[in-house]
Ligand code: SF4
């Protein structure tokens, strides 16, 4: 019997209340569509690196080639904390045989392409979220999609086709 493919998914899309405001961004239709084909492993970089739920909202700031993860009100730089957790979490990806990831759009940690802000109201460009940047560096070519893309059945089929067969 074939071993099912396993992919990681942002925990808030999976339905867990891991967002900064204590809520989720559950995508039940997407979960149902994916569940027929793959095992899903939820993960939340911000909660699991110890930032807590709820937590202060944050955003990417600075140089789009090397942005910092900053809280908006208290101006705490969380870059090192999230990077440190990510380095350990990514060590386990091969053991889990994660074949791809579905991540929350627009998140400063999970988003594939996120606005980077200056110190004030201006924008300096775009960057992958901090967790995504580290994934792409460690595992170039690993299929990654976000929920906005996968609401399109054609793009969902394309993403599934890119996953390696087991
Ligand atoms: S977008 Fe990512 S970091 Fe934010 S709550 Fe969802 S899983 Fe956690």
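Is at least one residue of the stretch 124-143 over 16 Å from the mean Cα position of the chain (by Cα), more than 22 Å from residue 19 (Cβ to Cβ) and either assigned to a helix (DSSP H, G or I) or modelled with pLDDT under 95 (or both)?
No - not one qualifying residue is present in the stretch 124-143.
Just one of (1) surrounded by 13 or more Cβ atoms within 10 Å (Cβ to Cβ); (2) within 18 Å of the chain's Cα centre (by Cα); (3) within 26 Å of residue 6 (Cβ to Cβ) trips up residue 158, so point out which.
Residue 158 satisfies all of (1) surrounded by 13 or more Cβ atoms within 10 Å (Cβ to Cβ); (2) within 18 Å of the chain's Cα centre (by Cα); (3) within 26 Å of residue 6 (Cβ to Cβ) except (2).
Going by what's in this entry, would residue 64 be described as more than 16 Å from the ligand (Cβ to nearest atom), surrounded by 12 or more Cβ atoms within 10 Å (Cβ to Cβ) and closer than 17 Å to residue 114 by Cβ? Before you say what the answer is, go through the steps one by one.
Values: more than 16 Å from the ligand (Cβ to nearest atom): yes; surrounded by 12 or more Cβ atoms within 10 Å (Cβ to Cβ): yes; closer than 17 Å to residue 114 by Cβ: yes.
Spelling it out, residue 64 is indeed more than 16 Å from the ligand (Cβ to nearest atom), surrounded by 12 or more Cβ atoms within 10 Å (Cβ to Cβ) and closer than 17 Å to residue 114 by Cβ.
Check the stretch 152-159 and report whether any residue there is farther than 18 Å from residue 20 by Cα and within 16 Å of the ligand (Cβ to nearest atom). Step through it out loud before you land on a result.
First, the residues of the stretch 152-159 that are farther than 18 Å from residue 20 by Cα: 152-159.
When the remaining residues are screened for being within 16 Å of the ligand (Cβ to nearest atom), the result is none.
No, the conditions are met nowhere in the stretch 152-159.
Just one of 34, 30, 43 is modelled with pLDDT under 95, surrounded by 14 or more Cβ atoms within 10 Å (Cβ to Cβ) and in contact with a helix residue (DSSP H, G or I) (Cβ under 7 Å, 6 or more places away or on another chain); which is it?
One residue alone meets the criteria, 30.
Report yes if residue 113 is more than 21 Å from residue 162 (Cα to Cα) and within 15 Å of the ligand (Cβ to nearest atom), otherwise no.
Numbers: more than 21 Å from residue 162 (Cα to Cα): no; within 15 Å of the ligand (Cβ to nearest atom): yes.
So residue 113 fails the test.
Which residue out of 59, 75 is exposed (fewer than 14 other Cβ atoms within 10 Å of the Cβ) and more than 10 Å from the ligand (Cβ to nearest atom)?
Being exposed (fewer than 14 other Cβ atoms within 10 Å of the Cβ) and more than 10 Å from the ligand (Cβ to nearest atom) holds for just one of 59, 75, which is 75.
What pairs can you find where one residue is in the stretch 89-115 and free of Cβ contacts under 8 Å to residues at least 24 places away in the same chain, the other is away from the ligand (no atom under 15 Å from the Cβ), and their Cβ atoms are less than 6 Å apart, with a gap of 6+ or different chains?
113/126
I want to confirm something. Restricting to the stretch 1-22 and keeping residues that are under 22 Å from residue 115 (Cα atoms) and out of contact with any helix residue (DSSP H, G or I) (no Cβ under 6 Å at 6 or more places or on another chain), which single residue is surrounded by the fewest Cβ atoms within 10 Å (Cβ to Cβ)?
21
Run residue 146 past the list (1) surrounded by 19 or more Cβ atoms within 10 Å (Cβ to Cβ); (2) more than 16 Å from the ligand (Cβ to nearest atom) and report the number of the one that doesn't hold.
For residue 146, the exception is condition (2).
For the stretch 106-143, enumerate the residues that are farther than 25 Å from residue 30 by Cα, touching a strand residue (DSSP E or B) at 6+ places or on another chain (Cβ under 7 Å) and surrounded by fewer than 14 Cβ atoms within 10 Å (Cβ to Cβ).
Within the stretch 106-143, 118, 119, 123 meet the criteria.
The values are calculated or read from the model by the stated rules, or taken from the named source; none is laboratory data. Just so it is clear, the model here is predicted, and its values are computed rather than measured. Because the Cβ atoms are built from the backbone with ideal geometry, glycine has one as well, and the counts that use them run over all protein chains shown.
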